[in-house]
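Please read the structure below before turning to the comments.
Since every read-out is calculated from the coordinates, none of them should be taken as a lab result. Treat the numbers as computed from the prediction; the structure is a model and nothing was measured. Positions of Cβ are generated from backbone atoms using ideal geometry, with glycine treated the same way; all protein chains shown enter the neighbour counts.
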Amino acid sequence: MTNEELAELISSGHTEYCAELWENTKRLLFSKAVRFYYTNQALCIRSGVELDDIKQVCYFAMLNAVGAYQPEKGFAFTTYINYHFQNAARGLLGIKNKKQDILSSCGSLD
């Protein structure tokens, strides 16, 4: 089965397919974890985050991607995994993606 089919089955309640989806996506996620760690190595060391910590977050990122997957949009499941992996890995380091409103940071409207 494809990753997309497995994600649909899992989201419809067939959790027994989680292990199969994990086996299909584990290599992709671990390669992303290694790349993320070495790209942000100084920050990881300062934060006390090791490569194994990032690899452990990969499974939860996959589960979050399953929950968010919308096949009708036509995107591959790995697109959802990438987004959720980035959020999870950044969360480990305390990096938050927040949108700043220009007016909220100004002292006056003049």
Of all the residues that make up region 35-94, how many are in contact (Cβ under 8 Å) with a residue 40 or more places away in the chain, outside any helix (DSSP H, G or I) and closer than 30 Å to S12 by Cβ?
-> 2
Selection over region 17-53 where residues are of a type outside the set (G, A, S) and either touching a strand residue (DSSP E or B) at 6+ places or on another chain (Cβ under 8 Å) or farther than 14 Å from R90 by Cα (or both) yields a count of 14
